[in-house]
């Protein structure tokens, strides 16, 4: 290194590290809240899959996605992700029959529509907490249907994937094609988290553009679905999960689809950058963070 460059380079490095440290502190506060929340629901969050790293990874992903937010602003977003992981576990791994899946779906839909959760339904109680806090936002009166629709899409997509997975295990039905699989990307529970985040933290401009933001979020969700699948292929084979690589003859097809989807996201985000700059940045950062994160790890602990 040229000695003459050190005075400018080193302060830049210090400044960058300071900002990263601030975001990590935001994540640490989020993780502690998630630990308290998980402790309140031991029936949902026990066992190796829900280890401390999972909770830390959730908080870190959300903190790096919206580093301009306060811990209180990210509290509900983090908890929405936690609900998504609990839902996924209930449907993908604990449900043994379609009736089990139907009970989970029916419980979530009822709660989303305003019903009180059953006493023996901890997943419903967790969702009801989210619903009730969101209902305290004035805009929820107008935007509540967007949130309910996102919940419906998420639980329906998870049930559909359960059908595909069990049909594959029985060898009695063909696997979906990649386009159909991507159309079911709500099973990742990304958009439902984003809708929660935007209602909870968004300003009037964000709320006015919620429909457009959801459209872009759905495209981002498809990118994240494929990025996740590339990183977790071996684990998915071990756990019996469906994965995009099972649906194509060549991994290059998935790689190319990611490139196309990212280009599409960029096109959709460009006009939003002028009206909802923070939310456009939030979606772009989701792609960037996941692309880096999934290079070496994923969220779940051991099964």
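The values are calculated or read from the model by the stated rules, or taken from the named source; none is laboratory data. All of these numbers come straight from a predicted model, not from anything done at the bench. Please note: Cβ atoms are built from the backbone with ideal geometry, for glycine as well, and neighbour counts cover all protein chains shown.
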Note to self: Here is a check on your reading of the model: is residue 222 under 25 Å from residue 164 (Cβ atoms), in contact with a helix residue (DSSP H, G or I) (Cβ under 9 Å, 6 or more places away or on another chain) and assigned to a helix (DSSP H, G or I)?
What the structure shows: yes
Check: Take the residues of segment 43-73 that are surrounded by fewer than 17 Cβ atoms within 10 Å (Cβ to Cβ) and at pLDDT 95 or above: which is nearest to residue 25 (Cα to Cα)?
Finding: 70
Notebook entry, point to check: Filtering segment 281-292 down to residues that are under 20 Å from residue 196 (Cα atoms) and modelled with pLDDT under 95, which residue is surrounded by the most Cβ atoms within 10 Å (Cβ to Cβ)?
Noted result: 290
Margin query: When you check residue 150 against the structure, is it under 17 Å from residue 82 (Cα atoms), without any contact (Cβ under 8 Å) to a residue 24 or more places away in the chain and surrounded by 18 or more Cβ atoms within 10 Å (Cβ to Cβ), yes or no?
Written below: no
Next item on the list: Considering only segment 263-280, state which residues are surrounded by fewer than 18 Cβ atoms within 10 Å (Cβ to Cβ) and assigned to a helix (DSSP H, G or I).
Entry: 263, 264, 266, 267, 270, 271, 277, 278
Check: All but one of (1) surrounded by 12 or more Cβ atoms within 10 Å (Cβ to Cβ); (2) under 28 Å from residue 146 (Cβ atoms) hold for residue 24; which doesn't?
Finding: (2)
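Condition check ((1) within 23 Å of residue 87 (Cα to Cα); (2) without any contact (Cβ under 8 Å) to a residue 12 or more places away in the chain; (3) in contact with a strand residue (DSSP E or B) (Cβ under 6 Å, 6 or more places away or on another chain); (4) surrounded by fewer than 18 Cβ atoms within 10 Å (Cβ to Cβ)) across all residues:
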{"position": "156", "(1), (2), (3), (4)": "yes, no, no, yes"}
{"position": "170", "(1), (2), (3), (4)": "no, yes, no, yes"}
{"position": "174", "(1), (2), (3), (4)": "no, yes, no, yes"}
{"position": "177", "(1), (2), (3), (4)": "no, no, no, yes"}
{"position": "180", "(1), (2), (3), (4)": "yes, yes, no, yes"}
{"position": "201", "(1), (2), (3), (4)": "no, no, no, no"}
{"position": "212", "(1), (2), (3), (4)": "no, no, no, yes"}
Notebook entry, point to check: Scanning segment 74-102 for residues that are within 22 Å of residue 170 (Cβ to Cβ) and in contact (Cβ under 8 Å) with a residue 60 or more places away in the chain, which turns out surrounded by the fewest Cβ atoms within 10 Å (Cβ to Cβ)?
Noted result: 98
Next item on the list: Test residue 269 against the criterion of being touching a residue at least 40 places away in the same chain (Cβ under 8 Å) and farther than 30 Å from residue 91 by Cα, and give yes or no.
Entry: yes
Next item on the list: Go through segment 19-59 and give me each residue that's outside any helix (DSSP H, G or I), over 12 Å from residue 300 (Cβ atoms) and touching a residue at least 24 places away in the same chain (Cβ under 8 Å).
Entry: 41, 43, 44, 45
